[in-house]
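Taken together, the values in this text are just the output of simple stated rules run on the coordinates, not laboratory data. The model shown is predicted, which means the values in this text are computed figures rather than measured ones. All Cβ positions, glycine included, derive from the backbone under ideal geometry; neighbour counts span all protein chains shown.
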Ligand SMILES: [Zn+2]
């Protein structure tokens, strides 16, 4: 009974707060809002992609962008943050739409939707991974584990046992849980675990439709007013690196990205949101003007420019218990009333 009641109460409370205006966008004209997406996929690809928490459908994405375009002043992250820092306070507050990881689906499926609504966004790319069309480690692990779980459950149980794999019944939950656990390993342990899981699955299991954006795609997007920022070189968790490794990921990624794009790169986005004082200092020293983490919530005036927060967007958490995308749910999630995870 409680289980049934909770989502109902949540939906009703969200509607009420929205109706009386407490969560409406224009209540936060002094704030800088930043939202995060990773992947935007058509239905067949969405079903095949193993990490549901970082993927939305093209239809859901279109709904999100429509909402943002109606209720906010949408600009790139660098553009919105610069105007916000200069004291501009439009009636419809600033909101920046950001994408992490540089995946090809961003150019193919997200950009056309953004441009249909006449808005520009920011794309944070792992520079060396773009250069090599590499599969990022969380995707390598996700695809390999999902394939193993589909094809050979005994082999999956053996391969995943090292991380204490939970109940294998729910494939999606298992894969997501594995990636979270693998973040706790050292870089060397993680590489070895991903390699071993991939070998057990018969090699790189990324489907043919998937891959990184190309430099041509990124240059074309920048030429149309979108922002391209650095998301490091190889998407390592930066606090785990030594000073040389950190400098490579932070400073070298800016240098290479500027050379590839032929324009200035002002912004950085920490892989997995992981940044300690040493990482923040390295980003500042490398000449970036601002950096984004994954700390939840809108930014209040005076926020630390190198620790700006964002709101991660998902279809599942924006739906009512009846499965309908809800403006009041989204407004609640974007408001400071949403409890911080
Ligand atoms: Zn990332």
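Figures for the structure shown
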| quantity | calculated |
| --- | --- |
| Residue order, fewest to most beta carbons within 10 Å, for 99, 68 | 68, 99 |
| GNM top mover of 105, 75, 210 - the chain, alpha-carbon springs below 10 Å | 210 |
| Sorted by Cβ neighbour density within 10 Å, fewest at the top, the residues 258, 134, 70, 198 | 70, 258, 134, 198 |
| The chain, helix-only ellipticity at 222 nm - DSSP H runs n ≥ 4, -39,500 (n - 2.57), divided by all residues, nearest 500 | -12500 deg cm²/dmol |
| Estimated FRET transfer efficiency (residue 172, residue 276; beta-carbon r; R0 41 Å; 0.05) | 0.85 |
| Exposure proxy order (Cβ contacts within 10 Å, fewest to most) of 97, 54 | 54, 97 |
| Å³ per residue enclosed by the Cα convex hull of segment 137-200 | 66 |
| Once the Cα gyration tensor of the chain is diagonalised, semi-axes √(5λ) in Å | 31, 27, 19 |
